Every structure is written in structure tokens, then in C-alpha cells.
1. In terms of modelled amide H atoms, which long-range or inter-chain residues lie less than 5 Å from the amide H of residue 12?
2. Work out how much length residue 27 to residue 160 would gain on full extension: take 0.36 nm times their residue separation and subtract the Cα-Cα distance, in nm to one decimal.
3. Rounded if a/c is under 1.5, else prolate if a/b beats b/c, else oblate: with a ≥ b ≥ c from the C-alpha gyration tensor eigenvalues square-rooted, which is the stretch 91-183?
4. May I ask you to compute the full-extension gain from residue 100 to residue 38, defined as 0.36 nm times their residue separation minus their alpha-carbon distance, rounded to one decimal in nm?
5. Using the Karplus curve 6.51 cos²θ - 1.76 cosθ + 1.60 with θ = phi - 60°, what ³J(HN,Hα) values do you get for each residue of the stretch 9-14, in whole Hz, with x for Gly and Pro?
6. Based on the inverse mean of 1/r over its pairs of different Cα atoms, what is the Kirkwood hydrodynamic radius of the stretch 6-182, in Å?
7. Which Cα, out of 165, 148, 22, lies furthest along the positive dipole direction of the chain (beta carbon charges, K/R +1, D/E -1)?
8. Taking a 22 Å limit on the Cα-Cα distance, which of the listed pairs 24/79; 26/77; 28/112; 18/159; 28/79 fall beyond it?
Amino acid sequence: MQKNQQKIVLIGGPGTGKSTVLNKLKEKGFFCFDEVSREVILKAQEKGIEQLFLTEPLLFSEMLLEGREEQYLSAEKRKENIIFLDRGIPDVHAYMNYFKTDYPSIFLEKSKHYKYDLIFHFSPWEEIHTTDNERYETFEDSINIDTFLIDAYSELDYKIINVPFGSVDERTNFIINSLACEL
């Protein structure tokens, strides 16, 4: 790990523009980890399970936790000073809380153990919200999930920086410009 490496997480409900901005950050030369859940969902669908989270929420969440932990540990081995991640470890227990599903204490323990440096929050935005093969949540679901995400990160004492609505370039530039102030 670089001595001054910063792990920066993009959070927010489904369909808020995180992945789009992450792709723009990649274009600008930043190292980024993509959202793990799409990979987990696609693997389950290849096995004939349409919505693994709905049929086996704990198994799905355990797979997400494992994937996000792997991303964190992989980030530490990178030479880049700045690493962006599409969602972080606390997202896992936030979603479990949203769905009122019991989970082992290791979920919260890992959220406390693996700490991030900055959290950028994308608020639900109806104009850009869409659903697809892996994102089935409605806009109303996104609003509700967002509340649980903010709670999870706040309870872990993270300072959350809200990304304003705007074009992809405006949102990306807001994050880049914020780095100079926050790091």
C-alpha cells in the first residue's frame, strides 16, 4: 500500500449515478473498483437464480461482503495514491437492515475494521433512475435504501460528502475538486 493511499467510496441508493461517475473517473486515469453486486447477480443468473438477494439474501450478502473485502485488500496492494470504490463494506449491512434480515456480527465487525478515507454520497434522483436486468429497485426503493446507507456510514462516524445533481462531468469534477480540500 502507498503510504498516503486514500480509499474513496461512492455510496447512494440504486440508480443514482455512481457507476456512471466511476466510469468517468476511470477515463480521467483514476483506479476504480466496480460494484461487486452486478457480478454476483450475473453469476447467480447463470445458475438459474433470477434474484439471489430476494431468494437467499444472507448468501447474497455474504458473497458481497467477501467481494468488497477482497476489493479493499486488493486496493492496499495497489501503487496508486487514490482508489475509488463503487460501494463499500458498510453497504452490505445497510441493505440487510433495510430488508430487516438478520445477519452475523462479522458484517458489522468488518465494517468497523476496514476503514475508508472519504465517502461521496449520491442522492436519489428520479430523472436518471432506471432499472435493468441487475437493478430491479424502484425509485421509491432507492430513496428508502439511501436512508439506510446514510445511517450505516453515519453510525460508523464517517463524514459524508453529498455530490450535487448535475451532468456526469459536473459531478465527476465536484469529486475531483473536493479531493484537494478533503485529503
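1. Under 5 Å from the amide H of residue 12: 122.
2. 45.4 nm
3. oblate
4. So the chain would gain 20.1 nm between residue 100 and residue 38.
5. Along the stretch 9-14, the couplings run 10, 9, 10, x, x, x Hz.
6. When all Cα pairs of the stretch 6-182 are included, the Kirkwood radius is 16.4 Å.
7. Toward the positive end, the furthest listed residue is 22.
8. As for pairs spanning more than 22 Å Cα to Cα, those are 28/112.
No lab work stands behind these numbers, since they all come straight from the coordinates. Not measured: the values here are computed from a predicted model. Every residue, glycine as well, gets a Cβ built from its backbone with ideal geometry; the counts of neighbours run over all protein chains shown.
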